[in-house]
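Participant: One structure follows; several queries about it will come next.
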Amino acid sequence: MKLAEVGAGWRVLGPFFHSALRVVAAFVFILAGLSKLFAWPQAMLPSGEAAHFPTQPWFAGVIETVGGAFVLIGLCARPIAFVMAGEMAVAYFHVHARRGLWPTANGGMAAVLFCFIWLFISAAGPGPISIDTLRRK
């Protein structure tokens, strides 16, 4: 088997990995939201409690849980992913950047990665395995 043939196989799978990236990232994002809203499966806030309405962590938890669920199934994925990218940008500059310049030092690696994953999804769409794609057909 030639190397070019292997590369062609991976290119064919690219759109499906696009959808898989969306699903896995959204699932992890939902877990972060549930941790903020319900302290489940593990408390995320320093207090060890769930966020209270109308605090910033509560609103972040709602965006992460509800937005993550919509993006996970690929429904209205582009605009919701754009909002979630904005949330992660705000989280990075409001929470993490205050602790230092570099994401590795200030605990902001996840915020940076999620921000760019959601920007990618908002620009490229949800991929072939999504409700948005089924609705277009």
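Participant: If I go through the stretch 113-133 residue by residue, how many of them are open to solvent by 30 Å² or more (accessible area, probe 1.4 Å), within 15 Å of residue 26 (Cα to Cα) and in a helix (DSSP H, G or I)?
Facilitator: Total meeting the criteria: 7.
Participant: Would you call residue 5 open to solvent by 70 Å² or more (accessible area, probe 1.4 Å), at pLDDT below 95, out of contact with any His (no Cβ under 9 Å at 6 or more places or on another chain) and not in a helix (DSSP H, G or I)?
Facilitator: Answer is no for this residue.
Participant: Go through (1) touching a Pro at 6+ places or on another chain (Cβ under 6 Å); (2) assigned to a helix (DSSP H, G or I) and name the single condition residue 51 misses.
Facilitator: Single failed check for residue 51: (2).
Participant: Pick out the one residue from 58, 10 that is in contact with a His (Cβ under 8 Å, 6 or more places away or on another chain) and in a helix (DSSP H, G or I).
Facilitator: Unique residue meeting the criteria: 58.
Participant: Looking at (1) over 17 Å from the mean Cα position of the chain (by Cα); (2) surrounded by 14 or more Cβ atoms within 10 Å (Cβ to Cβ); (3) under 29 Å from residue 15 (Cα atoms), can you tell me which one residue 69 breaks?
Facilitator: Among (1) over 17 Å from the mean Cα position of the chain (by Cα); (2) surrounded by 14 or more Cβ atoms within 10 Å (Cβ to Cβ); (3) under 29 Å from residue 15 (Cα atoms), the lone unmet condition for residue 69 is (1).
Participant: A further question follows. When the residues of the stretch 36-58 are narrowed to those that are open to solvent by less than 70 Å² (accessible area, probe 1.4 Å) and out of contact with any Leu (no Cβ under 8 Å at 6 or more places or on another chain), which ends up nearest to residue 125 (Cα to Cα)?
Facilitator: 37
Participant: Which condition from (1) crowded, with 19+ Cβ neighbours inside 10 Å; (2) not in a helix (DSSP H, G or I) is the one that residue 33 breaks?
Facilitator: (2)
Participant: Also, quick follow-up: Contact list please: Cβ distance under 7 Å, first residue in the stretch 65-91 and more than 15 Å from residue 24 (Cα to Cα) and assigned to a helix (DSSP H, G or I), second residue open to solvent by 40 Å² or more (accessible area, probe 1.4 Å) and of a type outside the set (A, V, I, L, M), pairs at least six apart or on different chains.
Facilitator: Listed by first residue and then by second, the contacts come to 80/70.
Participant: Determine whether residue 136 is within 17 Å of residue 18 (Cβ to Cβ), without any contact (Cβ under 8 Å) to a residue 24 or more places away in the chain, surrounded by fewer than 20 Cβ atoms within 10 Å (Cβ to Cβ) and not acidic (Asp, Glu).
Facilitator: Taking the combined requirement at face value, the residue satisfies it.
Participant: Could you please tell me which pairs satisfy a Cβ distance under 8 Å, a separation of 6+ or placement on different chains, a first residue in the stretch 21-37 that is at pLDDT 95 or above and β-branched (Val, Ile, Thr), and a second residue that is open to solvent by less than 30 Å² (accessible area, probe 1.4 Å) and part of a helix (DSSP H, G or I)?
Facilitator: Pairs found: 30/64; 30/65; 30/68.
The values are calculated or read from the model by the stated rules, or taken from the named source; none is laboratory data. This structure is a prediction, so every number in the text was calculated from the model and none was measured. With ideal geometry, Cβ positions are generated from the backbone for all residues, glycine too; neighbour counts draw on all protein chains shown. Note: areas computed on protein heavy atoms with side chains; ligands, DNA, RNA excluded. Shrake-Rupley method; radii C 1.70, N 1.55, O 1.52, S 1.80 Å.
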